[in-house]
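The values are calculated or read from the model by the stated rules, or taken from the named source; none is laboratory data. Please read these numbers as outputs of a predicted model, since none were measured by experiment. Please note: Cβ atoms are built from the backbone with ideal geometry, for glycine as well, and neighbour counts cover all protein chains shown.
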């Protein structure tokens, strides 16, 4: 099972790291013990060399004195050699014909003694005796006294490290392994509970709170409780999430269809009319580029627009100074220029009764979306309209004795067929259509006015719909 394999991987990985540490520690301790025993051995032989030099003194190089001193101490297999600074053997307790011995200046212990005053070498085979020795050399005045003992079983036993630390390491490894096993078992138990919960969720089984009662009261239990609590919260809001997901798709299609259709129309005209004047062709290409830029901006802003329901709306006294001041007329003229052909084909004349100095605080893309959706709505549904009027008036609201909120009330009116009174209060509902068959025929999605409402309420404004005097529909909204 998955949780067991996780427990095994966790346990083996931690134990593996610890065993690596134990191995490195053991190797280090073994070498340390070995070096310690070798240093003790070397120090003893160095003391012997110094004592020999002090005892014989001027008689050190007298034939027979060295051999007598070595025999007097009766150390099994001991061999003493006196070497000058040039590496020549002066005396040797084992070999009397020293002139036949080769120079010793390249021997490890001799070279070290010449450089540092003392040195030793381990398990080197003697060329004269063919035995393996432990050598220790000491620099005394103008000579080097080198003592050597056979590397036999007795010496090996004395240099053998103390392996008691290995038993200690093994004991610690076993204890730690047991502790780690208990810890990983407890972790795997938490994972098993969560896995059980996940399997029931995936299979659609009935969920209860029994699992939560089995969780331990510690940090891991707290994490598990948090995960399960988050699941219940998400489960309770699943319907809302599904609705928002559907609205995202619909809003994206609704927002992107207009620039896509414009680009398609301009490109179709350019491709089909090979005799098109160059000036007209360049103008169409520029409009295609402008519409493609708008599509890019819409894709970037779509996430913000579709999350408006989850964001808290600004109240009447909220500070909006962080938002830029956008000139309304400039944005509106851009939209009317883009929609000029459609307005002309439907016989609708736009009338802008808004002064140039009217500015509102919001994102430019949001303001563009508000007016663009209102224009598109009039083009689609204001049957028989001959005029589309945009107006604005100042509206100061006394929110308190020391605060005056400044607003603009905008109106977008047409003189078309209008909307029956019973539909006015529902025009801003998502997917609501006054005439479903007619709306589908015209390609409407029922989201345009819903996007307008969300955009306005996000900035603390209000929007409403009412009949235009004399016929038609008027959309009124406020922005600060």
Among the residues that make up the range 24-43, is at least one of them in contact with a strand residue (DSSP E or B) (Cβ under 6 Å, 6 or more places away or on another chain), outside the structural domain of residue 181 (by TED's automatic domain parsing) and surrounded by 11 or more Cβ atoms within 10 Å (Cβ to Cβ)?
yes
Some residue of the range 258-271 being modelled with pLDDT of 70 or more, farther than 27 Å from residue 382 by Cα and under 47 Å from the mean Cα position of the chain (by Cα)
yes
Please verify whether residue 75 is within 16 Å of residue 126 (Cα to Cα) and touching a strand residue (DSSP E or B) at 6+ places or on another chain (Cβ under 9 Å), treating the condition exactly as stated.
no
Quick one: would you say residue 433 is assigned by TED's automatic domain parsing to the domain that holds residue 332, modelled with pLDDT of 90 or more and surrounded by 14 or more Cβ atoms within 10 Å (Cβ to Cβ)?
no
Subset tally (residues that are outside any helix (DSSP H, G or I) and touching a residue at least 40 places away in the same chain (Cβ under 8 Å)) for the range 355-396
11
Please go through the range 83-102 and give me each residue that is surrounded by 11 or more Cβ atoms within 10 Å (Cβ to Cβ), without any contact (Cβ under 8 Å) to a residue 40 or more places away in the chain and more than 17 Å from residue 148 (Cβ to Cβ), ordered by number.
88
How about the range 52-67: which of its residues are out of contact with any helix residue (DSSP H, G or I) (no Cβ under 8 Å at 6 or more places or on another chain), in a helix (DSSP H, G or I) and at negative phi?
53, 54, 58, 67
Quick one: which residue in 70, 80 is under 12 Å from residue 148 (Cα atoms), assigned by TED's automatic domain parsing to the domain that holds residue 128 and touching a helix residue (DSSP H, G or I) at 6+ places or on another chain (Cβ under 7 Å)?
80
